[in-house]
Amino acid sequence: MARKMGVYAVLAFVLYGLFFYWYLFQFADPKLPFEYEGTNADPATFLNGRELSLSEEYSKIRNLLFFLSTPLEWLIYFLILLFGLSKAFKRWAEDSVKHKLLHTPIYLFWLSLFAFIAVLPLSYISYSLSKTYHISTQSFPSWMKDELIDFWLNYATWLIIVPVLYWLMRKSQKRWWLYLWILSVPFTLFMMFIQPVIIDPLYNDFYPLKNKALETKILTLADKAHIPAEHVFEVNMSEETNAMNAYVSGIGSNARIVLWDTTLNKLSDEQILFIMAHEMGHYVEKHIYWGIAGYLLLSLFGLYLTYRLMNWAVARFGKELKISDTKDIRSLPLFYMIISMLLFASSPLSNFVSRYQETRADTYAIEMTKNPDAAITSFQELTRNGLSQVNPPMLVKIFRYTHPPMLDRISKLEEYEVKHRTE
Ligand SMILES: [Zn+2]
């Protein structure tokens with residue numbers, strides 16, 4: 001039975017992959033709606049032929065990798081259970097040391113290592129793809145170093161969560177999801193608080209803006225938005241990537257607006273000021289706090305569903321999955337799998353909310369800078385630079401786009417320009 005279920009799961013994954021291959025490469029039509037042709041949002045007006053075809057090609061492959069990677073994770077966890085690997089990891093942990101307290105860390109290490117190695121090829125393909133298209137300039141050792149930091153950071157995080165999770169499961173079979181959620185609130189806030197000062201610097205160097213003339217302009221803008229100067233940072237990314245980015249991270253006194261040095265190197269001062277004003281919009285409107293509130297609400301519901309689904313799966317397929325009891329650590333891959341499925345299923349909603357916030361930040365930025373020309377050209381530059389699709393297929397937008405497609409963002413700015421020209 002277990003073997004049969006494994007074959008079905010692999011088959012389902014292959015069919016799913018073929019569907020998305022067909023959807024992205026055959027079905028989706030990259031042509032713009034008629035009314036956008038020839039406008040500032042039409043990539044044909046600001047990309048050359050080569051850039052146009054590269055961006056179509058690159059986006060299609062990226063999108064396919066995106067849709068394959070998450071279900072691949074589910075498949076891996078499912079197969080780990082079916083083929084008794086979870087059981088084996090537990091036995092190895094128990095055989096290697098006598099001390100009971102060390103069993104969970106060792107089990108978790110084997111499980112994390114196996115999952116890490118299983119998804120590594122796909123991560124590598126993704127990395128080498130962005131290198132082929134000159135988005136990433138990161139050397140292999142540097143990429144591998146980031147992967148290893150990811151691995152250990154993940155391991156450390158789960159090493160805190162997992163013992164608590166199974167302790168709660170043993171304490172209360174019916175309410176563990178609620179208690180776990182209650183404990184997750186301060187934990188999440190703490191992680192958000194230390195993110196910009198402890199976690200992010202593990203990967204890159206952060207410092208105050210180097211270009212002092214530009215810094216003065218940015219701080220004048222920040223002052224207008226009532227943001228203290230110590231919250232604006234530059235990060236050294238140009239050794240790794242050609243892509244541009246800026247973001248807001250952290251909460252409380254650690255909240256920061258961060259600009260990649262690539263953005264600073266490639267855009268004019270006016271364009272940078274628009275991008276900065278956009279990030280300030282997020283900061284001023286407290287989007288991070290809304291994000292945390294939404295996340296906590298969703299995770300309460302998600303943990304309850306996880307509890308129900310885990311019980312159901314163990315009752316129905318416990319024999320095949322080799323889990324006799326939910327509160328046995330052998331059920332951890334099932335927990336991971338369900339969490340990952342629920343996150344994927346809820347991503348259309350969280351992306352929708354995020355796109356709404358991005359639209360608000362764009363509006364804030366244009367009202368503040370009142371320079372639609374700089375705004376439009378900065379978005380065009382971002383599109384060229386990231387070889388991104390201005391008008392992605394529907395499913396890509398729903399599952400992948402935390403920002404509105406450039407088609408919408410640029411045409412909004414055009415509307416602003418037209419409106420204020422006639423006033
Ligand atoms: Zn934004």
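The values are calculated or read from the model by the stated rules, or taken from the named source; none is laboratory data. As the structure is a prediction and not an experimental result, all values here were calculated from the model. With ideal geometry, Cβ positions are generated from the backbone for all residues, glycine too; neighbour counts draw on all protein chains shown. In case anyone asks, the SASA skips ligands and DNA or RNA and just uses the protein heavy atoms, side chains included. Shrake-Rupley method; radii C 1.70, N 1.55, O 1.52, S 1.80 Å.
For region 27-142, the convex hull drawn through the C-alpha positions has a volume of 162 cubic angstrom per residue.
Expressed as a whole percentage, what fraction of the accessible surface of region 296-362 belongs to carbon and sulfur atoms when a 1.4 Å probe is rolled over the protein heavy atoms? Write down the numbers at each step before the final one.
Details: 2260 of 3250 Å².
Solvent-exposed carbon and sulfur of region 296-362 make up 70 percent of the total.
Farthest towards the positive end of the charge dipole of region 274-390, among the residues F274, T359, S346, is the Cα of S346, using unit charges on the Cβ of Lys, Arg, Asp and Glu. Once the Cβ-Cβ distance of E215 and F301 is raised to the sixth power relative to R0 = 41 Å, the FRET efficiency obtained is 0.40.
Lys and Arg at +1, Asp and Glu at -1: add these up for the other residues within a Cβ distance under 14 Å of V232 and post the number. Its environment carries a net charge of -1.
For region 29-160, the number of Lys pairs separated by eight or more positions or lying on different chains, with C-alpha atoms closer than 29 Å, is 10. Based on protein heavy atoms only, the chain ends up with 51 Å² per residue of surface accessible to a 1.4 Å probe. In terms of the mean number of neighbouring beta-carbon atoms within 10 Å, the peptides 204-215, 357-368 order highest first as 357-368, 204-215.
On the protein heavy atoms, probe 1.4 angstrom, tell me the percent of accessible surface of region 115-219 carried by carbon and sulfur.
Working: 4150 of 5910 Å².
Roughly 70 percent, rounded to a whole number.
Plugging the Kirkwood radius over Cα pairs into Stokes-Einstein for region 190-321, at a temperature of 10 °C and a viscosity of 1.306 mPa s, what D comes out in µm²/s? Provide the component values of the computation, followed by the final result.
Numbers: Rh = 17.1 Å.
Approximately 93 µm²/s, per Stokes-Einstein.
All other residues whose Cβ lies under 15 angstrom from that of P393 are scored, Lys and Arg at +1 and Asp and Glu at -1, for a net of +1.
Region 251-285 and region 1-78 have Cα centres lying 30 Å from one another.
Across the chain, what fraction of all alpha-carbon pairs, as a whole percent, falls in each successive 20 Å bin from zero upward? For the chain, the pair-distance distribution reads 22, 54, 23, 2.
Listed by chain and number, the lysines whose C-alpha is less than 18 Å from the C-alpha of K412, apart from same-chain residues fewer than 8 away, are K370, K397. Other residues whose C-beta falls under 15 angstrom from the C-beta of F151 contribute a net charge of -3, scoring Lys and Arg +1 and Asp and Glu -1.
Per residue, what volume in Å³ does the convex hull of the Cα atoms of region 30-96 enclose? Mind showing how you got there, number by number?
Values: hull volume 9.4 nm³, N = 67.
Given the Cα convex hull of region 30-96, per-residue volume reads 140 Å³.
For the chain, a crude dipole built from +1 on the beta carbon of Lys and Arg and -1 on the beta carbon of Asp and Glu, taken about the Cα centre, is about 2500 debye to the nearest 20. Once R0 is set to 25 Å, what does the formula 1/(1 + (r/R0)^6) return for the Cβ-Cβ distance between V119 and Y21, expressed as a FRET efficiency to the nearest 0.05? Here the calculated transfer efficiency is 0.80. Relative to the longest principal axis of the Cα atoms of the chain, the long axis of helix 2-22 lies at roughly 10 degrees.
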